[in-house]
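The values are calculated or read from the model by the stated rules, or taken from the named source; none is laboratory data. A quick note: this is a predicted structure, and the numbers were derived from the prediction, not measured. No Cβ is skipped: glycine too gets one built from the backbone with ideal geometry, and neighbour counts run over all protein chains shown.
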Amino acid sequence: MNFIVENWYLILLALVSGAMLVVPALKGAAGGLSAANAVLLINREKAVLIDVCGADEYAAGHAGGAKSVPLSEFETRLPAVVKNKAVPLVLVCASGARAQRAAALAQKLGYANAQVLAGGLKAWKEAGLPVEKS
């Protein structure tokens, strides 16, 4: 007990450094898929890439092979675009915020394996992955 009282600062330092290691790992897990992991999911498990941006944003540039399902029409159009609810979905938007909302809606619709591309289209471009315009 005497050791703990005399060396409280060492224990505090150990706890703080441990927290600094754990917090980024937890944020990364909650933040969604990296672009590389999204490509692996698409290639290995035939995941469907869904762009939830509006029509104008989609036309200006979208991830290669992405299907357009705007967030405003998500609940009505997603079942027509992806009929098999067991297929993994990778949801993408410009930054990731709308894709988070779309993931919640997809879960509600029964798509259990809906994931968000962390960083959105920006992260896709930074990874050097193809971007199409229509």
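Here is a yes/no grid of residues against (1) polar (S, T, N, Q); (2) in contact (Cβ under 8 Å) with a residue 12 or more places away in the chain:
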residue: Ile4; (1), (2): no, no
residue: Ile11; (1), (2): no, no
residue: Gly18; (1), (2): no, no
residue: Gly54; (1), (2): no, yes
residue: Ala59; (1), (2): no, yes
residue: Gly64; (1), (2): no, yes
residue: Lys67; (1), (2): no, yes
residue: Ser72; (1), (2): yes, yes
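The residue pairs whose first member lies in the stretch 118-134 and is free of Cβ contacts under 8 Å to residues at least 24 places away in the same chain, whose second member is exposed (fewer than 13 other Cβ atoms within 10 Å of the Cβ), and whose beta carbons are closer than 7 Å, counting only pairs six or more residues apart or on different chains, do not exist in this structure.
Can you confirm whether Val69 is assigned by TED's automatic domain parsing to the domain that holds Ala38, under 19 Å from Lys46 (Cβ atoms), touching a Gly at 6+ places or on another chain (Cβ under 6 Å) and not basic (Lys, Arg)? The answer is no for Val69.
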